[in-house]
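Derivation of every value follows stated rules applied to the coordinates shown; laboratory data play no part. Predicted model, so just to flag it, every value in this text is computed and none were measured. Note: ideal-geometry Cβ built from the backbone for every residue, glycine included; neighbour counts use all protein chains shown.
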Amino acid sequence: MRLRPITLIIIISWVLWGHNASSAQFNLSPVLFYESSDEEYTLDMIGPIFSFSSDKSALRPLFYRDDQQTDILFPLGHSTRDRGLFFPIYSAKKEEYHPHTTVFPFFYGRYEQQRYGGLFPLYGSLYHRFGYDKARFVLWPIYSATTIDKATTYYILWPVFSYCKDREFKIFPLYGWEKSMDSRHDFVLWPIFHRKRGLHTVDAALPLFLYSRGDSYKNISVIWPLFACSKDERSGHTSMDAFWPLVRFARGGYDETRIFPLYRKKIIPPAYEVTTVLWPVYRKERIFDKNGDLRREKTNILILSKHAYEVSRQGEETRETTCWPVWHSSISTHERSWYFPWILPLKNNGYKRNWLPVLTLAHAEKSAGSSFVDILWHTFYYNRDGSSCRCSFSFLCSYEKGPDYTRVGFLFDLLKIPLGRDSFGDAVLP
């Protein structure tokens, strides 16, 4: 028998009207799920695709919005009260002293009392953007100029010609030099010939040889990456590389033995050590505090499967286990959770909002006084909060227990049977 839309509407209305005004649930999962309590409600349709509640709305993975942020095709689009982004055509930042907006190729902004803007690549100027105090361009890359600490560098046909008085001159890649307060670096036919003088001295004709030295160290490389050797007398550190990055031995400031991909062990006393065997099969990393106590330990199997243990400064412990792509669990001092499956091993909050509900078939969380289990997008659903709990299997049956009542329901809760004494009166079943 086919269920007509008007019949479904009547059933939903009947079920919701039959519950207390402050509490209701309608479960036709994974097609439709509705739950309300007091002034809050949740409505999911087609699994987690259409999702609405008292504090959010979503059409996953296309759209998500709550009181704090809005996502559109995350990670391409994300906005908050202070920032907005839709990569690569739009970005905005709202700050009292430096608001700016880009709608590519247009951009405009204000830094303190200075306004700027432009149309890329025709013309534009910027203040305190991209690491520069000031930047301007005309028909980029034909002409541009950048200013840092009152020093202006001019570019013609960037990056070919560049000039900054007493600091830089380049005709890239043929010849160029750069000067700072304590050194000068010259190159010819970059990246082949290099000469640097100052606190650090470098002579190089790559890849044939490189010789660098300072007050206490020397570094020699021959036919890079065939052979390299370095020594620092101040720290007592020596290292040797052969066929970089395949073979490396280091002793002194830190110890490292690497025969890639068979074996690697690196120890930086007193805080860090890492061991790799048959990379990417096995990798173990450990981090210690200044007292030598273990603060973080992570073991990876085939990169994506892992077990991690971490202790915060407040002494709270967290354990995470991932068996990719099947399972992920997290246990901390105050809560625990698990997911099945765990297809994309990401912990980004935006991914959790937009993609994780779609890619997860089963999920559970537990914290002080509350817990829930959700399988196949509310097809099986268990929720406990304080002294009340409810368990349901789609529209077929449900179990509900409160402070002063216990009952079971069948077929959208149209048939409800109280167990023991509840608000409806005496017991029907002993």
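Observations
- GluC sites (Glu not before Pro) restricted to the stretch 79-133 and DSSP loop, no more than 10 other C-beta within 10 Å: 96, 112
- Tail fraction, Cα-Cα pairs, the stretch 286-430, threshold 21 Å, whole percent: 58 percent
- Global geometry of the stretch 263-339, whether rounded, prolate or oblate, following the gyration tensor of its Cα atoms and the 1.5 cut on a/c: oblate
- Net charge of Cβ neighbours under 11 Å - reference residue 370; Lys, Arg +1; Asp, Glu -1: -1
- On the principal axes of its alpha-carbon atoms, the stretch 321-378 has extents of 29, 24, 21 Å, going from largest to smallest.
- Within-13-Å neighbourhood charge of residue 101 [Cβ basis; K, R +1; D, E -1]: +4
- Taking every alpha-carbon pair in the stretch 165-208 and binning the separations at 5 Å intervals from zero gives 6, 24, 30, 24, 13, 3, 0 percent.
- What the Cβ-Cβ distance of residue 229 and residue 387 gives, at R0 = 56 Å and to the nearest 0.05, is a FRET efficiency of 0.20.
- Point-charge dipole on Cβ atoms (K/R +1, D/E -1) for the stretch 280-410, about Cα centre, debye to 20: 340 debye
- Separation in nanometres of the label points that stand 7 Å from Cα toward Cβ, at residue 197 and residue 291: 5.4 nm
- Helical content of the chain, expressed as a calculated mean residue ellipticity at 222 nm, amounts to -1500 deg cm²/dmol (DSSP H runs of 4 or more residues, -39,500 (n - 2.57) each, divided by residue number, nearest 500).
- Local net charge near residue 126, Cβ-Cβ under 9 Å (Lys/Arg +1, Asp/Glu -1): +3
- Note: relative contact order over the stretch 285-430, using C-alpha pairs below 8 Å and six or more positions apart, is 9 percent.
- Diffusion of the stretch 23-63 by Stokes-Einstein, at 25 °C in a medium of 0.890 mPa s and with Rh set to the Kirkwood radius over alpha-carbon pairs, works out to 240 µm²/s.
- Distance from the stretch 109-162 to the stretch 170-218 (C-alpha centre basis), Å: 28 Å
- Cα-based Rg of the chain normalised by 2.2 N^0.38 Å, two decimals: 1.45
- The chain: angle of helix 5-18 to the longest principal axis, Cα-based, in degrees nearest 10: 80 degrees
- Chain lengthening between residue 240 and residue 209 when straightened (0.36 nm per residue, less Cα-Cα): 9.7 nm
- Coordinate range along principal axes, alpha carbons of the stretch 137-196, Å, largest first: 34, 25, 12
- Size of charge dipole - the stretch 74-121 - debye, nearest 20, with Cβ of Lys, Arg +1 and Asp, Glu -1, no other charges: 80 debye
- Positive-end extreme of charge dipole, the stretch 292-429 - chosen from 387, 331, 415 (charges on Cβ): 331
- Unit charges at the beta carbon, dipole of the stretch 305-391: most positive-side option, 371, 340, 357: 357
- Cα gyration tensor, the stretch 91-244 - rounded (a/c under 1.5), prolate or oblate: prolate
- Among the trypsin sites (Lys or Arg not before Pro) found in the stretch 41-81, those both in a DSSP coil and sparsely packed, with 13 or fewer other Cβ atoms within 10 Å of their Cβ, are 81.
- Overall form of the stretch 216-351 per C-alpha gyration tensor (a/c, 1.5; a/b vs b/c): oblate
- Rounded to the nearest 20, the size of the Cβ-charge dipole of the chain about its Cα centre is 1620 debye, with Lys and Arg at +1 and Asp and Glu at -1.
- Per residue, the convex hull volume that the Cα atoms of the stretch 81-177 enclose (Å³): 99 Å³
- Proportion of all alpha-carbon pairs of the stretch 188-257 beyond 13 Å (%): 67 percent
- Applying a DSSP loop filter and a limit of 12 other Cβ atoms within 10 Å to the GluC sites (Glu not before Pro) in the stretch 26-85 leaves 39.
- For the chain, built as a Gaussian network whose Cα springs stay under 10 Å, the top-fluctuating residue of 375, 267, 223: 223
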